[in-house]
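The values are calculated or read from the model by the stated rules, or taken from the named source; none is laboratory data. Nothing here was measured: the structure is a model prediction, and the numbers come from that model. Methodologically, a virtual Cβ is constructed for each residue, glycine included, from the backbone with ideal geometry; neighbour enumeration extends over all protein chains shown.
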Amino acid sequence: MVRNDYFKYTLILAVICFVASALLGAVYSVTNPIILSQQALQEQSGLREVLPEAKSFEAVKEGENILYFTAFGPGENVLGYVFKASKKGYSSEIATLVGVDQAGVISRVKILSQNETPGLGTRIIEALWFQEQFRGKKSDNLSNGVQAITGATITSRAVISSINEKAKEIMERVHGR
Amino acid sequence: MADKYIVSSSPHFVGKESIPSIMWTVNIALLPAGIIGIAVFGKAGFWLVAACILTAMATEYVIQKGRRQPITVSDGSAFMTGLLLAFNLPAYCPLWVGAFGSFFAIAICKQAFGGLGRNIFNPALAGRAFLMAAWPKYLTVFNKPFVYDAVTQATPLGLLKEGKAHSVVDMGLTYWDLFLGNKSGCLGEVCIFALLLGGIYLLYKKIITWHIPISFILTVAVFTQIFKGDYLFNILSGGLVLGAVFMATDYVTSPITKIGQVIFGVLCGLLTSVIRIWGGYPEGVCYAILIANATVPLIDRFVKPRRYGVGI
Amino acid sequence: MKKLWREFIKGIWTENPIFFIVLGLCPTLAVSTSVNNAVGMGVAVIFVLVCSNVIISMMRNIIPDKIRIPCYIVVIASFVGIVEMAMKAYAPALDKALGVYVPLIVVNCIILGRAEAFASKNPVIASLIDGLGMGVGFFLALFVISAVREVLGSGKFAGFAIPVTFEPAAILVLAPGALLVLGLLMGGIRWIKSLRS
C-alpha cells in the first residue's frame, strides 16, 4: 500500500517536472539568442564609450577570463587597451572601465557599478568632474593629478587606486616591462 | 481623632526626586558646555539649540495632545533630547536639519515606543543617526573655532581618519586646546572642561554614578593606547566625554545594576575604539552607544541584583 | 458575478497582501527604491501569481496532499523562470535593476500563500480572480511605497527629476528608510480602515 503511494507521488511529481522543463526549454530556446546578442551589444557599447576612436576590440583571455581588450583603429593598428579595474570601496565593490592608449594615457573612464553611501560615496557618479578628471592622465601613475571627493575619501581612493594598480598590471603584460 | 488615622500601603516616605527635578538638573549641568560651545562657534550655535529644543517640545506636545495623553512636555525630557541633539551637531548645521532630527527623536524614537521610560534607544543619538543617513553632507562638515562664521575645518579625529595628520602636533594643537575647546567639532562636544564640570555636578547631586563614564572612558583609553597610541588624544577628542557622561548614563537606556553598567560602559568603549581605529567613520561614540543600548535588556537579564534576604 | 468582484477587490483593500496580510515584505523593501523597479516587479508578480494560481487550481484534485509543496514550488519556479528569461531578453535594464529579486519571486510568500490558502481549494476562475486581485493589490502597495521613497529620498519620480523645494533625505532609499516608510504607511492605512468600520 505504502509503496503504491510513493510510486504515485513520484510519478505525479515527475510528470509535473517534465512538463515544466519542456516549457522552460522552449522559452529558453527562443530567448537565449536574444539575450546573448544583447550582452554582446552592451559590452561593445561600453568599450566604445571609454575609447571612442577605436573601430574594433578583441578580448585577450586567459582560459575563460577576459584580462583586457585590445583596441584597433581603422587601419588594423593597435590604438590602445580597455580594462576593468575593481576594488572594494566603502560599502561595495566598485568596478570601473578604463580606456587607455598604447602608452597608458587614459582616454576615458566609466564607473560601471557601485553601491556606496547615497549622498556621499555616490557623488563619484553624480559629480561629473570626478570621472572626467582622469582624461589625459597616465593610468599607472595617478597619485597627484587626481582629487578625491570631499567626504567620500575611501570611495574615491578605491576608484583611483584600482585604476592605478590594474593599469600597472596591464602595461606590464602588454609591454613586458 | 479618626481623621488622624491614615491607612495606606507603602511607600511611606517619598523622596524629593521627581522626573522633572532630575531632568532639569541634567539640563543645568549641560549649560556650561552649551555656553562655551556658543562662545567658540558663534550665535549660529544658539539658534541651532533653540530650533532643536523647540521642535522637540512642540512634537511631544502635539503627539500627546493628539493621542489624548497627559501633556508632560514641562518635565524637561524633551528639552534635554533637543539640547543633546543640538550638542551632537556641527554648529552651522541648518536649522531645518536639526528640527527634523528632533522630530524623529521624539516622535519615532520616544513616543512611538510608548513615551518616556519605554524607548530602547537614546532618542538624541537616534536622531543624530537618522540625520547622518538622511542628509550626510550637513553632518560631516565642521567649523573652525573662534571665527564666528561658517568656515570649515576638519576635526582632529577627521584628520586622523583621512591620514592627513598623525598626532596632536601635526594638527597644530596642544592637549590644552583639546581640553578647553579650541578645536573643530560638534557644538557641545568641544569643551571637555565644561562637560566635566557638568559631570561632577551630576555626581554631586547623585543623578549619575561614576560606573558608566569611567568604564567607558577607561576602555577607550586602554584600547586606543594599545592599538594606536596616544590615549590622551583619544580621550580628549570627539564626542567621547559628552557621550560617556551625558548620553550613555541615560536611565532609560542603560542597565539597572552597577555591574551591568560597568559591562555597558566597557562595551561602549570597545565599540567606540573599534569604529575609530578600523571603521569607516572618524568617530564612533554615537553608534557605539546605540548598539550598546540594544544589548541592555540582555545585560539586565543576566546581571540580576542580589535578592533581599536570600543567601549570602 | 458579485462574488467574483468581491474576490478581486479583497486583494486590493481589505486583505492587501502587504498592508494587511503582511506577506512578501522582502521584495517590497528592496525593490521600492524607485517607481520603475516597483512597476516592473509588480507586473512580474501579477503574471506569476495569476498563472500559478490557475495551474494549481486546475491540478488541485490531482496533486496529492503529502507532496503539495514541492509541486507548487515547481509550478511557481517554472513561471518565474519564464519571466526571468523574458525580462533578460526584452527588458535587460529592468532585469539588472531588480537583480536577484527576480528569482526570489519563487519564494515570495504571497504566491505560495495564495496557492495554499485559495487555489488549492477553489475553482479555476475564482483562483484566477483571486490571483489578479492579490497581484494588483501588491502592485498598488509597492507603487505607493516606491513613490514616497523615490520622491522624498532622491527627488525623482520614475527616474525623472522633479523640481523639489526640499532636499531629499537619502535615508529613504536605504534599508532603514524602507522600514520607516512601510511602517508609517501601514499604520496610516490601518488607521483609515479602522475609521471606516
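Conditions tested, residue by residue: (1) within 19 Å of the chain's Cα centre (by Cα); (2) at pLDDT 95 or above.
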position: B:GLY66; (1), (2): no, no
position: B:PHE87; (1), (2): yes, yes
position: B:LEU116; (1), (2): yes, no
position: B:MET171; (1), (2): no, no
position: B:GLY181; (1), (2): yes, no
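Give the range A:103-130 a look and list any residue that's part of a loop (DSSP other than H, G, I, E, B) and within 18 Å of A:ASN164 (Cβ to Cβ), or say none.
Residues satisfying the conditions are A:ALA103, A:GLY104, A:GLN114.
Report the residue count in the range A:155-177 for those that are modelled with pLDDT under 85 and either part of a loop (DSSP other than H, G, I, E, B) or in contact with a Gly (Cβ under 8 Å, 6 or more places away or on another chain) (or both).
Result for the range A:155-177: 2.
Six or more apart or on different chains, Cβ under 7 Å: which pairs go from a residue in the range A:33-47 that's within 13 Å of C:LYS88 (Cα to Cα) and facing chain C (nearest Cβ under 10 Å) to one that's part of a helix (DSSP H, G or I) and charged (D, E, K, R)? Could you list them?
A:ILE35/C:LYS88
Just to confirm my filter: which helices (runs of 4 or more DSSP H) fall fully inside the range B:215-312 and include at least 2 residues that are farther than 24 Å from B:LEU180 by Cα and of a type outside the set (Asp, Glu)?
By residue number, B:258-278, B:285-302.
Taking the criterion of being in contact (Cβ under 8 Å) with a residue 12 or more places away in the chain and aromatic (Phe, Trp, Tyr), would at least one residue in the range B:108-119 satisfy it?
No, the range B:108-119 contains no residue that is in contact (Cβ under 8 Å) with a residue 12 or more places away in the chain and aromatic (Phe, Trp, Tyr).
Where residues in the range B:162-216 are under 16 Å from B:PHE233 (Cα atoms) and acidic (Asp, Glu), which of them is surrounded by the most Cβ atoms within 10 Å (Cβ to Cβ)?
Top of the filtered list is B:GLU189.
What about C:GLY42, is it free of Cβ contacts under 8 Å to residues at least 40 places away in the same chain and part of a helix (DSSP H, G or I)?
no
Of the residues that sit in the range A:1-49 and are aliphatic (A, V, I, L, M) and closer than 30 Å to A:GLY80 by Cβ, which one is surrounded by the most Cβ atoms within 10 Å (Cβ to Cβ)? I'd like the intermediate steps shown before the answer.
Restricting attention to the range A:1-49, the residues satisfying the condition of being aliphatic (A, V, I, L, M) are A:1-2, A:11-16, A:19-20, A:22-24, A:26-27, A:30, A:34-36, A:40-41, A:47.
The next check asks that each one be closer than 30 Å to A:GLY80 by Cβ; those that pass are A:35-36, A:40-41, A:47.
Details: A:ILE35: 18, A:LEU36: 11, A:ALA40: 10, A:LEU41: 11, A:LEU47: 20.
For the range A:1-49, the residue satisfying everything is A:LEU47.
Within the range A:56-99, which residues are surrounded by fewer than 13 Cβ atoms within 10 Å (Cβ to Cβ) and assigned to a loop (DSSP other than H, G, I, E, B)?
A:GLY63, A:GLU64, A:PRO74, A:GLY75, A:GLU76, A:ASN77
If you go through the range C:139-155 one residue at a time, how many are within 13 Å of chain B (Cβ to nearest Cβ) and of a type in the set (S, T, N, Q)?
1
Identify all residues within the range A:60-72 that are of a type in the set (Gly, Ala, Ser) and modelled with pLDDT of 85 or more; write none if there are none.
Scanning the range A:60-72 gives a single hit, A:ALA71.
What number of residues in the range C:156-183 are more than 9 Å from every other protein chain (Cβ to nearest Cβ) and either in contact (Cβ under 8 Å) with a residue 40 or more places away in the chain or among the hydrophobic types (A, V, I, L, M, F, W, C) (or both)?
13
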